[in-house]
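Single-structure report; data block below.
Derivation of every value follows stated rules applied to the coordinates shown; laboratory data play no part. In this text the structure is predicted, and so the values were computed from the model without any measurement. Counting neighbours? That spans all protein chains shown, and the Cβs are built from the backbone with ideal geometry, glycine included.
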Amino acid sequence: MKKLVPLATVVLALGIFVAACGSDDSDSGSSGVEVTDVWARPTTPTADAGAIYMTINSKDGDSLTAAKVPSSIAGMTQIHETTTDGEATSSEDSMESGDSMSSDDSMGSDDSMDSDHSMEGGSMMGMKEVSQIDIPAGETVTLEPGGFHIMLLDLKGQIKAGDTIPVTLTFEKAGTVEVDATAQDQ
Amino acid sequence: MEVLRIRSLTFGRVLVPILLVAALAVIVTGCGSDDSSTELNGITRVPPAKTGNLSLPDYSPQSGGKKVAVRGNEDGLMLVYFGYTSCPDVCPTTLADLRNALAELDPAQRERVQVSMVTVDPDRDTGRVLNGYLAHFFEPGEYHSLRTTDQALLNRADEAFGASHKLGKPDADGNYDVSHTALLYAVDPKGTVEVEWPFGTDADVIADDLKTLLDNNSQNPDA
Ligand SMILES: [Cu+2]
């Protein structure tokens, strides 16, 4: 993410407010979409995925249909939802581990992975891509840990606390909204 | 202002997993008590899960692939989490909560706590990747990078905790989804899982339970 800082500096030096590109959209103006508290989680040096969160308010109702960050930051950007109980993956053709709640400690015995486990283990969490996030009229949707996030895949570098990531959001009605995500620990 | 479904997920982060687990006939004790009593805030099971003689290869710098027992040292605790490093949302949230909880312990208490992450995605999570991930959250020597490509051993580890994980079918690019039990477990020196915290448990709550457990262990080492 080092490339970003000089870029941001240049943009600022030119006297352009990056966020201002979307100012018409981000102040609950004519489009009715307001995006606030945009943040990214700092990543570890070896991470290949990251997440961006934000709060979206829509006066008239809208849907977030796409998000994009520069390809210098991530190869792919998706809208994701964190799921509970393995909804994120199809149950077919998957390798499933044992999920028994047995508390016996006969660890030396043969594993019983081919027996038919009932789903009595702790609930599993995963995530899946969603086509859009709906923001009903007059309501606020928060993308936050454990809920929705903008998923960054094929990360090109580490996201460090204090980095700024430009994010282009596409709304069904409001069109394109440009925001900046600040990397910060929770 | 109307509150949306996703807004209620804020609450769901803690509540939904707890309710699910409760529905699974696991006894929930002491929820919501935030005083520093002997009551634990997290989930305790009757009977508790046991790790028995479970040991897993540890790729942390201090172990270099040697197996370590999945239990606390002497009068300490091993905190165990099943996850994977390509996980950008759930895993780092929990590990960051744990980092903040450990920061609330005094140094003598913290020395008695070890953190282990068991990767459920050992093909992508090499030892190096796992170390890089954990070093972001924890001190050198404090964490264990537990990883095995022996599927049967990984399944036994799951079963010891009543956990589970699932790897989806790879897509055309070879990417696949991973889902996993997202609880954080505290294991005592005898291999008893004393408490487990669901995703979204506040750092303060985890810290409170850690202090309670560490106090109890030092008072009755044979308990
Ligand atoms: Cu995701």
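How big is D, in µm² s⁻¹, for segment B:12-219 by Stokes-Einstein at 4 °C and 1.567 mPa s if Rh is the Kirkwood radius over C-alpha pairs? Numbers along the way, then the final one.
Details: Rh = 17.2 Å.
The estimated diffusion coefficient comes to 76 µm²/s.
Where does segment B:121-221 land on Rg(C-alpha)/(2.2 N^0.38 Å)? Show your work: numbers first, answer last.
Working: Rg = 16.2 Å, N = 101, 2.2 N^0.38 = 12.7 Å.
Against the empirical 2.2 N^0.38 Å value, I get 1.28 for segment B:121-221.
What does the highest-first list of A:40-47, B:121-128 look like by mean Cβ count within 10 Å? Show your work: numbers first, answer last.
On the way: A:40-47: 21.8, B:121-128: 17.1.
Those peptides, ordered most packed to least, come out A:40-47, B:121-128.
Considering only Cα-Cα distances, which of the following residue pairs are longer than 24 Å: A:K68/A:K128; B:K50/B:K169; B:K190/B:K211; B:K67/B:K169; A:K68/B:K166? Could the numbers behind the result be given before it?
Details: A:K68/A:K128 17 Å; B:K50/B:K169 31 Å; B:K190/B:K211 18 Å; B:K67/B:K169 30 Å; A:K68/B:K166 29 Å.
Beyond 24 Å between Cα atoms: B:K50/B:K169; B:K67/B:K169; A:K68/B:K166.
Order A:140-152, B:79-91 from most to least packed using the mean count of other Cβ atoms within 10 Å. List each step's numbers first, then the result.
Details: A:140-152: 23.6, B:79-91: 25.5.
So the order, starting with the most tightly packed, is B:79-91, A:140-152.
Counting partner chain Cβ atoms within 10 Å of every residue's Cβ in B:171-178, what's the average? Walk me through the intermediate numbers first.
Details: counts 0, 0, 3, 0, 3, 3, 10, 7.
Average per residue, whole number: 3.
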